[in-house]
Structure formats: structure tokens, C-alpha cells
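The values are calculated or read from the model by the stated rules, or taken from the named source; none is laboratory data. Since this is a predicted model, take the numbers as computed values, not measurements. Here Cβ is always computed from backbone atoms with ideal geometry, including for glycine, and neighbour counts include all displayed protein chains. In case anyone asks, the SASA skips ligands and DNA or RNA and just uses the protein heavy atoms, side chains included. Shrake-Rupley method; radii C 1.70, N 1.55, O 1.52, S 1.80 Å.
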Amino acid sequence: MPKPPPALDRKPWPMKWIVLAIVACLVPYTWLTLAYRKEGPAYEPYQDNKDRAQVMRLLDAGFRRVELSLDRLVDPSMPLAASAETQAIEGGLPPLLSEVLIDKPPVPSSFALVDAPAQSLAGAPYVLLLTAQQPDHSERPAVSTLYLRGQEAVFIVGYDALPGDLQARDLTARLRLTVPPNTLEPGTYQGTLIGALESRRWTFDIH
């Protein structure tokens, strides 16, 4: 009875069967991945770490950050019934907030109009109407943030770059900022709306 050939002398599988086996595994794997993959932003460790560091720096300095609703208005709004008197001051972030923020947001150059309530209720939204001068035709107002520290309320409108070669027709933007209800506790606040060249400041009461 002849001896079986050594293992090293055995003929390898034909390549076509190997390719078919790979394809047979890849097809169901790809289908399962696409069918059950969770939608969501990709994990960005650098950005996540920077965001956490930013939160810690704000908390250590006594600031609370609140994201506001920002609406772009086509037509001028009716003036508020009881508006606070606003004062033009030097532009730029307050020194402490400037030190705390890792990335300084691009802000409007100045404001042609700021209409802010002199009084409001704690359980009601606090709404500001403003006309901002955009810094550049290639940018648009995108987000609004409130930084609270004690009785100091700093309002910031941030800009994003327009996609591609798009350009804004007008450097003037009519905006409405809305602070969510129950954000501001009862008391007297000093509000500051930040502009790069000129900011606006006013005092308002929350009951």
C-alpha cells in the first residue's frame, strides 16, 4: 500500500475557490454593516478633548455656557414695548472670558440696532432683536451663545464661512436671539453684546 504524500506536497486549492470564499464572506458582512450601522458623527478625539477642556476652563472661571436660538429675519421687526437703553462700548471680549476661551469666535463688527427688554420673567424666554454688521461677505451668522457669570450676561453671535464661493449680498444681518425660559434667575443683570469694533451694554431685570 503506497504511503500518502507529505503534507507539503499536497496541491493547493485553486485560486478561484479562495476568491469565491472571500466574496461569500464580504457580501453578508457589508450588508449587515450598512443595515445596522448607527448614524452619527465620527469620533474625533482631539476635538472631544478640546471641548472637555473648554468646559472645565469655563467652570473654573465661574462661567455657565448656554446655547441660544438664532433666527435670521428678512424684514425689520416691530420694536419691543419696553426696551432697555443700550450704551456703545469698546469692542472685544471681556478680559476674563477672552483668557478662558480656547478658540475666539468671529463676531459681528458692530450693531446698527440692539433692542433688548428692560424687564422679563424668569419663566419666559428673553428675546433680543438686533441688526449686526457682518465682518465679511464670505461669512454668515450661524450660532449664538450666552456666557453667564453671576449677574453678568455676555451674548455672542458667531459666524461660519459660507460654502464654496458663495458670497452674502448684504453685510447687514437682522437677527433674533432667544434665551430659553428659566435660564436667568431673578435679579438685575448687566448684558453685553459683543462686537469686534463696538459692543453694546445695557441693564435688565428678571422677576
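For Ser120, the criteria (1) open to solvent by less than 50 Å² (accessible area, probe 1.4 Å); (2) under 22 Å from Glu85 (Cα atoms); (3) under 19 Å from the mean Cα position of the chain (by Cα) hold in every case but one, which is (3). For the stretch 78-102, filtered to residues that are surrounded by 12 or more Cβ atoms within 10 Å (Cβ to Cβ) and within 25 Å of the chain's Cα centre (by Cα), the residue that is farthest from Gln47 (Cα to Cα) is Gly91.
This table checks each residue for (1) surrounded by 15 or more Cβ atoms within 10 Å (Cβ to Cβ); (2) among the charged types (D, E, K, R); (3) in a strand (DSSP E or B).
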site	(1), (2), (3)
Gly164	no, no, no
Pro181	no, no, no
Glu185	no, yes, no
Gln190	no, no, yes
Gly195	yes, no, no
Ser199	yes, no, yes
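Of all residues in the stretch 106-116, those being in a strand (DSSP E or B), of a type outside the set (Gly, Ala, Ser) and either open to solvent by 20 Å² or more (accessible area, probe 1.4 Å) or out of contact with any Asp or Glu (no Cβ under 9 Å at 6 or more places or on another chain) (or both) number 3.
Would you say Asp160 is charged (D, E, K, R) and out of contact with any strand residue (DSSP E or B) (no Cβ under 8 Å at 6 or more places or on another chain)? Judged against the criteria, Asp160 is not a match.
Looking only at residues of the stretch 135-157 that are within 13 Å of Gly195 (Cβ to Cβ) and open to solvent by less than 10 Å² (accessible area, probe 1.4 Å), we find that the one that is modelled with the lowest pLDDT is Pro141.
Looking for something of a type in the set (Gly, Ala, Ser) and in contact with a Phe, Trp or Tyr (Cβ under 7 Å, 6 or more places away or on another chain) - is there at least one such residue anywhere in the stretch 168-188? Walk me through how you get there before you give the answer.
Residues of the stretch 168-188 of a type in the set (Gly, Ala, Ser): 168, 173, 187.
Going one step further and asking which of them are in contact with a Phe, Trp or Tyr (Cβ under 7 Å, 6 or more places away or on another chain), we end up with none.
Among the residues of the stretch 168-188, not one is of a type in the set (Gly, Ala, Ser) and in contact with a Phe, Trp or Tyr (Cβ under 7 Å, 6 or more places away or on another chain), which makes the answer no.
The residue pairs whose first member lies in the stretch 59-86 and is within 16 Å of Leu113 (Cβ to Cβ) and at pLDDT 85 or above, whose second member is of a type in the set (Asp, Glu) and surrounded by 10 or more Cβ atoms within 10 Å (Cβ to Cβ), and whose beta carbons are closer than 7 Å, counting only pairs six or more residues apart or on different chains, are Ser83/Asp115.
A Cβ distance below 8 Å, combined with a sequence gap of six or more or placement on separate chains, defines the contacts here; from the stretch 37-57, residues that are modelled with pLDDT of 70 or more reach residues that are basic (Lys, Arg) and not in a helix (DSSP H, G or I) in the pairs Val55/Arg65. Scanning the stretch 50-105 for residues that are hydroxyl-bearing (Ser, Thr, Tyr) and part of a helix (DSSP H, G or I) gives a single hit, Ser98.
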